[in-house]
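*Asks:* Here it is: the structure, laid out below.
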């Protein structure tokens, strides 16, 4: 399992529009065959900060996701909403049950 954590900070006036765009993108992303889960988290203390938790079944998942129509639509829609450039961290799942 490959997990991307995407950190986004949006302009205050775009918080609701960003959430709406993410809701649409996440719903479509969950139907991708290589997506295991896709969640959007909003910081409680700083509502303009978000974390997208994207879990992919294998290393091909992120590339396939970024080629999807819904991702490209989301990326274009949210670009002007950003207060700063998005950043991401790639993680791997640690299964302690093994």
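What follows draws every value from the coordinates through simple rules; no lab data is involved. Fair warning: this is a prediction, and the values are worked out from it, not measured in the lab. Don't worry about glycine lacking a Cβ; one is built from the backbone with ideal geometry, like all the others, and counts go over all protein chains shown.
*Asks:* Looking only at residues in segment 58-76 that are free of Cβ contacts under 8 Å to residues at least 60 places away in the same chain and surrounded by 15 or more Cβ atoms within 10 Å (Cβ to Cβ), which one is nearest to residue 16 (Cα to Cα)?
*Replies:* Of the residues in segment 58-76, the ones free of Cβ contacts under 8 Å to residues at least 60 places away in the same chain are 58-61, 63-76.
Pick out the ones that are also surrounded by 15 or more Cβ atoms within 10 Å (Cβ to Cβ) and you get 61, 64-65, 68, 70-71, 74.
Working: 61: 28, 64: 27, 65: 23, 68: 23, 70: 18, 71: 18, 74: 14 Å.
Ranking the candidates gives 74 first.
*Asks:* Go over the candidates 24, 13 one by one and state the one that is touching a helix residue (DSSP H, G or I) at 6+ places or on another chain (Cβ under 9 Å), without any contact (Cβ under 8 Å) to a residue 24 or more places away in the chain and assigned to a helix (DSSP H, G or I).
*Replies:* 13
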